[in-house]
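The next block holds one structure in the form of structure tokens; read it before the comments.
The values are calculated or read from the model by the stated rules, or taken from the named source; none is laboratory data. Quantities reported herein were computed from a predicted structural model and do not represent experimental measurements. Cβ atoms come from the backbone with ideal geometry, glycine included; neighbour counts cover every protein chain shown. In case anyone asks, the SASA skips ligands and DNA or RNA and just uses the protein heavy atoms, side chains included. Shrake-Rupley method; radii C 1.70, N 1.55, O 1.52, S 1.80 Å.
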Amino acid sequence: QVQLVESGGGLVQPGGSLGLSCVASGSAASIYAMGWYRQAPGKQRELVAQIIRSGTTNYADSVKGRFTISRDNAKNTVYLQMNSLKPEDTAVYLCHAIWRGTNYWGQGTPVTVSS
């Protein structure tokens, strides 16, 4: 079992920056992939960014060049640095991990981009 705990969400003005972090606990020593999804009201959950254990990353087209995902394997922690935020980035951001073929989710942290 893996537990994921996110932190770092909040309110930010358009054009601003915000950082998220997610710590994995439990049987987290060999998590294959970690990443972030988001879900806005009335919309489907979508992948924001993902990083696998080797360091390979994958980003949604809408965030390329603005968001950066990174991972500290020793700390079982994944980070998401979000720059040049737009109102359309407003959503609940959920941490995601794949461990032994099973998907695990955090409870989510809200990000609101508004003036």
Practice task
Report the charge-dipole magnitude of the chain in Debye, nearest 20, computed about the Cα centre from +1 at each Lys and Arg Cβ and -1 at each Asp and Glu Cβ.
Solution key: 180 debye
Exercise for the section: Please report the relative contact order for the chain, taking Cα pairs under 8 Å with a sequence separation of at least 6, and give it as a percent rounded to a whole number. Expected result: 37 percent
Exercise for the section: Taking a cut-off of 19 Å between Cα atoms, list the lysines near residue 64, but don't count ones fewer than 8 places away on the same chain. Expected result: 86
Completion exercise
Placing +1 on each Lys and Arg Cβ and -1 on each Asp and Glu Cβ in the chain, then taking the dipole about the Cα centre, the residue among 76, 93, 54 whose Cα reaches farthest towards the positive end is 54
Practice task
Can you send over the carbon and sulfur percentage of the accessible area for the chain, probe radius 1.4 Å, protein chains only?
Solution key: 48 percent
Practice task
Please give the length that would be gained between residue 83 and residue 57 if that part of the chain were fully extended, namely 0.36 nm times their separation in residues minus their C-alpha to C-alpha distance (nm, one decimal).
Solution key: 7.6 nm
Problem - Where the chain is the region considered: accessible area per residue in Å², 1.4 Å probe - result: 52 Å²
